[in-house]
Amino acid sequence: MREDFLHFIWKYKKIRTAPLVSSQNETIEILSEGTHNHLSGPDFFNARIKINEQLWAGNVEIHIKSSDWYAHGHESDPNYDNVILHVVWDDDVAIFRKDNTQISTLELKAYVSKEVFEAYQKLFEARTNRFINCQNDITSVNDFVFKNWLERLFFERLEQKSNAVAELLVRHNNDWEQVLFSLLVKNFGLKINGESFQSLSESLPFSIVRKIGDSALQLEATFFGMAGFLESDEISDAYYLHLRKEYQFIEHKFKLNNQAVQKPEFFKLRPSNFPTLRLSQIANLYSKNQNLFHKIIDAQSLDVIYDLFNVQASAYWNSHFTFGKESKKSSKKLTKNFIELLLINTILPLKFEYAKHFNTAEEASIVAIVAGIKNERNSIIDNFLSLGVGISNAMESQAVLQLYNNYCSKNNCLHCAVGHHLLKGNT
């Protein structure tokens, strides 16, 4: 038995219509269940209930056992002084107010239908070899209900991702361009070099990027120098030597310090994700788009975003993956998949937080952009697909990840629209 099941029963009136009688043999008529409180204090505020024909207005507290009232210390908490009804599954002890009057108690197990209880048991039965609790029934949920739930879950996930944007805003005194730079650089590093690239972005004031932003060469020199890639005396490439000379000038001019920068890794990376290529691509991205932040905020379509990020590493990298070692020629362009990763993890959370900050409406354009991206593929997505759940774009795949991580894996079925549908269908 879970307390949130009792909340569900009370909130959605899943109580038999037979006359209700309290443990004290009082007649009970529920006029209003009250407002569900998800914070501290009683579980439902401002309920209206007739007890022995006397109308009461106040709060309702719900527990599995009556004795939980004392186990939780409510007898000494003034927040519970206005509780007019104690709703429990098992009434095992009488509960009294401070003035020694007994609080009326409604024992729910006598009033919950067999069908509702069996549906609840089925949902939470032992998970032997099951991916999610409702895997046999999830596709029975009305498509309109499910799709609306996915959209809500997408924005719930987006809200969580935007928290990182809000934290950076505080750290950087509301400098949105610095925040974008920090987020982009970190995500260009992916998992292996994310922290290293972030340490670079945090050690390099964006004001310097602004000043040298019209020169891809100077940006590259700064990024490579800060990352510790220009310290070898054994590389004789003209390009390398030019970069090192530029960095020495910029380092002296702006008094740069890379002591806090973690040197990026090459180990376990595919050559296309080598930090040398990614840093060159970032440099070319910023030299191509002098007002990148404003262009991203103004972008209302996926095609505009693709165009902004249609960049590649400098020509030297067409025949190199690392300094001083030639390789087969190929352009090192940002791939569509990589741009979409940046969209999901950086650009959309930034646009969402910006809209919240300035109280503008961006939800429609965000949905239009993310709905145009193909769905991601991983083990969680594949398991949902195998159940017959339709996942047609990145908005839905992001939503399904939120569903699994925050609801399914934590048994939060009674806070999920799918769980509600499966239980509310039984009376």
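Out of the range 287-334, which residues are closer than 22 Å to ASN393 by Cβ and either of a type in the set (A, V, I, L, M) or without any contact (Cβ under 8 Å) to a residue 12 or more places away in the chain (or both)?
Answer for the range 287-334, where residues must be closer than 22 Å to ASN393 by Cβ and either of a type in the set (A, V, I, L, M) or without any contact (Cβ under 8 Å) to a residue 12 or more places away in the chain (or both): ILE296, ALA299, LEU302, ASP303, VAL304, ILE305, ASP307, LEU308, LEU334.
What are the residue pairs meeting all of these: first residue in the range 386-411, first residue on the phi < 0 side of the Ramachandran plot, second residue among the polar types (S, T, N, Q), Cβ atoms under 6 Å, and 6 or more apart or on different chains?
LEU387/GLN135; ILE391/ASN375; ILE391/SER397; ASN393/ASN375; ALA394/ASN375; SER397/ASN375
Go through the residues of the range 338-354 one by one and say whether even a single one is crowded, with 18+ Cβ neighbours inside 10 Å, basic (Lys, Arg) and at negative phi.
Scanning the range 338-354 turns up at least one residue that is crowded, with 18+ Cβ neighbours inside 10 Å, basic (Lys, Arg) and at negative phi.
Across the range 177-226, what is the number of residues that are over 25 Å from PHE267 (Cβ atoms), among the hydroxyl-bearing types (Ser, Thr, Tyr) and in contact with a helix residue (DSSP H, G or I) (Cβ under 7 Å, 6 or more places away or on another chain)?
1
List the residue pairs whose Cβ atoms are under 7 Å apart, where the first residue sits in the range 211-233 and is in the same structural domain as PHE181 (by TED's automatic domain parsing), the second is modelled with pLDDT of 95 or more and among the basic types (Lys, Arg), and the two are 6 or more positions apart or on different chains.
Cβ pairs passing all conditions: ALA227/LYS263; GLY228/LYS263; LEU230/ARG244.
Quickly run through the range 120-155 and pick out the residues that are under 30 Å from SER67 (Cα atoms), of a type in the set (A, V, I, L, M) and part of a helix (DSSP H, G or I).
LEU123
From the residues in the range 12-33 that are in contact with a Ser or Thr (Cβ under 9 Å, 6 or more places away or on another chain) and farther than 24 Å from LEU414 by Cβ, which one is modelled with the lowest pLDDT?
Out of the qualifying residues, it is PRO19.
If I go through the range 364-385 residue by residue, how many of them are touching an Asp or Glu at 6+ places or on another chain (Cβ under 9 Å) and among the acidic types (Asp, Glu)?
So the count comes out to 1.
Working only within the range 25-60, note down all residues that are of a type in the set (Lys, Arg) and out of contact with any Gly (no Cβ under 9 Å at 6 or more places or on another chain).
Once the filter is applied, which keeps residues that are of a type in the set (Lys, Arg) and out of contact with any Gly (no Cβ under 9 Å at 6 or more places or on another chain), the range 25-60 yields only LYS50.
Could you say which residue among ALA260, ALA283 is within 28 Å of LYS351 (Cα to Cα), touching a residue at least 60 places away in the same chain (Cβ under 8 Å) and not charged (D, E, K, R)? It would help to see each step written out before you state the result.
Values: ALA260 fails: within 28 Å of LYS351 (Cα to Cα).
Matching residue, one of ALA260, ALA283: ALA283.
Looking for something over 20 Å from TRP149 (Cα atoms), among the acidic types (Asp, Glu), surrounded by fewer than 19 Cβ atoms within 10 Å (Cβ to Cβ) and without any contact (Cβ under 8 Å) to a residue 40 or more places away in the chain - is there at least one such residue anywhere in the range 361-374?
no
Quick one: which residue in GLU396, GLU376 is under 20 Å from GLN160 (Cα atoms) and at pLDDT below 95? Break it down into steps so the answer makes sense when it comes.
Working: GLU396 fails: at pLDDT below 95.
Just a single option satisfies the conditions, and that option is GLU376.
Can you tell me which of (1) within 30 Å of SER301 (Cβ to Cβ); (2) of a type outside the set (Lys, Arg); (3) modelled with pLDDT under 95 is the one LEU423 doesn't meet?
Among (1) within 30 Å of SER301 (Cβ to Cβ); (2) of a type outside the set (Lys, Arg); (3) modelled with pLDDT under 95, LEU423 violates only (1).
Pick out the one residue from LEU168, LEU153 that is out of contact with any Asp or Glu (no Cβ under 7 Å at 6 or more places or on another chain) and farther than 23 Å from ALA371 by Cβ. So that I can check it myself, show each step before the final result.
Working: LEU153 fails: farther than 23 Å from ALA371 by Cβ.
After ruling out the rest, the residue left standing is LEU168.
Look through the range 267-279, keep the residues that are hydrophobic (A, V, I, L, M, F, W, C) and touching a helix residue (DSSP H, G or I) at 6+ places or on another chain (Cβ under 7 Å), and return whichever of them is nearest to LYS191 (Cα to Cα). Lay out the reasoning, then the answer.
Start the filter on the range 267-279 by keeping residues that are hydrophobic (A, V, I, L, M, F, W, C), which leaves 267, 269, 274, 277, 279.
Subsequent filtering for residues that are touching a helix residue (DSSP H, G or I) at 6+ places or on another chain (Cβ under 7 Å) retains 269, 277, 279.
On the way: LEU269: 10, LEU277: 16, LEU279: 15 Å.
The residue in question is LEU269.
Considering each residue of the range 224-254, count those that are surrounded by fewer than 17 Cβ atoms within 10 Å (Cβ to Cβ) and under 18 Å from ILE208 (Cβ atoms), and give that number.
So the answer is 7.
Answer with yes or no whether VAL185 is closer than 27 Å to SER365 by Cα, in contact with a Leu (Cβ under 9 Å, 6 or more places away or on another chain) and outside the structural domain of GLN312 (by TED's automatic domain parsing).
So VAL185 fails the test.
For ASN174, all conditions in the list (1) in a helix (DSSP H, G or I); (2) farther than 19 Å from GLU265 by Cα; (3) of a type in the set (S, T, N, Q) hold save one; what is the number of the exception?
Unmet condition: (1).
The values are calculated or read from the model by the stated rules, or taken from the named source; none is laboratory data. All of these numbers come straight from a predicted model, not from anything done at the bench. Cβ sites come from the backbone with ideal geometry, for glycine too, and all protein chains shown count toward neighbours.
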